[in-house]
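> Could you have a look at this structure, given as structure tokens, before my questions?
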Amino acid sequence: MSASRIKQPLSAPESEALRATVRRTVICGGVVEISAFFGSVASTVPLYSGKLQLDGATDNARLRREAVLTDAVIETVETNLTQLQLEPSDGSTGGTDILGQLSQSAEFQRQLNPGDDTSNLSVLLVTDGEDNATLHFSDPALSREHAVAMADEVAVPDLSGATVTFIGVGKTGNGAIAETTYVDALKAGWTRVCEHTGANQCIVVTDPANGQ
């Protein structure tokens, strides 16, 4: 979740997308890292981190425990997020480095699968898309052509095989939607960035549908 969204509660579709990501990891077994991020990777604040795995002798026995574990993770995230929302800002975390979070995701993938060409990485970014640390996508007059051109020039991390989803793109800090032309430009720019990472699937939307 990017800085611009910290004070704005997750919408119902965004909450469902987060829950669906956690639930898939619980069922399949894996590691979840959930963070709030700001103007640099150094100012990333963890909301949850841990390995998720269901215990039980049978599939049915394990699946019966899924809801409890998923709920526990979401409750931890919400508690930590509420605490973060209540903390006064000193202005040191201003800005949003979205591209930096993609690099962090690539590093996360390398740590989990060193030397392995197979990727099960799923990246979910809740952000308005207004990166003002590297790509400078914060100009409301940004056009699709300019956004794509900038995306073509920037160095991106290798996320080969991963699934990358951006949700909340174009949604302002108070929950309103920006002008359509600007939202389209942001979506085009981040789609091109994602394609350059080699991700297996790139989804860039304002509001997710059905937890996707």
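> Reachable lysines from LYS7, Cα under 25 Å, same-chain residues fewer than 8 places away excluded?
The reachable lysines, counting only those whose Cα sits under 25 Å from LYS7, are LYS171, LYS187.
> Next question, about the same structure. Could you tell me what percent of the accessible area of the stretch 109-171 is made up of carbon and sulfur, with a 1.4 Å probe and every protein chain present?
Percent of accessible area from carbon and sulfur atoms in the stretch 109-171: 45.
> Let me have the 222 nm mean residue ellipticity of the chain computed from DSSP H runs of 4+ only, each contributing -39500 (n - 2.57), with the sum over all residues rounded to the nearest 500.
-13000 deg cm²/dmol
> How many Å² of accessible area per residue for the chain, probe 1.4 Å?
Dividing the accessible area of the chain by its residue count gives 51 Å².
> Taking C-beta distances below 4.7 angstrom as the pairing criterion, name the unpartnered cysteines of the chain, in sequence order.
So far as the 4.7 Å Cβ criterion goes, CYS28 stand without a partner in the chain.
> If you don't mind, another one. Would you mind checking which residues have amide H under 5 Å from THR172's amide H? H placed 1.01 Å from N; only 5 or more apart, or other chain.
ILE177, ALA178
> For the stretch 139-180 and the stretch 196-210, write down the distance between their C-alpha centroids in whole Å.
11 Å
> If I histogram all Cα-Cα distances within the chain using bins 5 Å wide from 0, what percent of pairs lands in each bin?
So the P(r) values, bin by bin, are 1, 7, 15, 19, 21, 17, 11, 6, 3, 1, 0, 0.
> Out of all DSSP beta bridges with both ends in the chain, state the antiparallel percent to the nearest 5.
45 percent
The values are calculated or read from the model by the stated rules, or taken from the named source; none is laboratory data. For clarity, every value in this text was computed on a predicted model and none was experimentally measured. Note that we place each Cβ from the backbone using ideal geometry, even for glycine, and neighbour counts take in every protein chain shown. The protein model used for the area step is the full one, side chains on, heavy atoms only, and it has no ligands, DNA or RNA in it. Shrake-Rupley method; radii C 1.70, N 1.55, O 1.52, S 1.80 Å.
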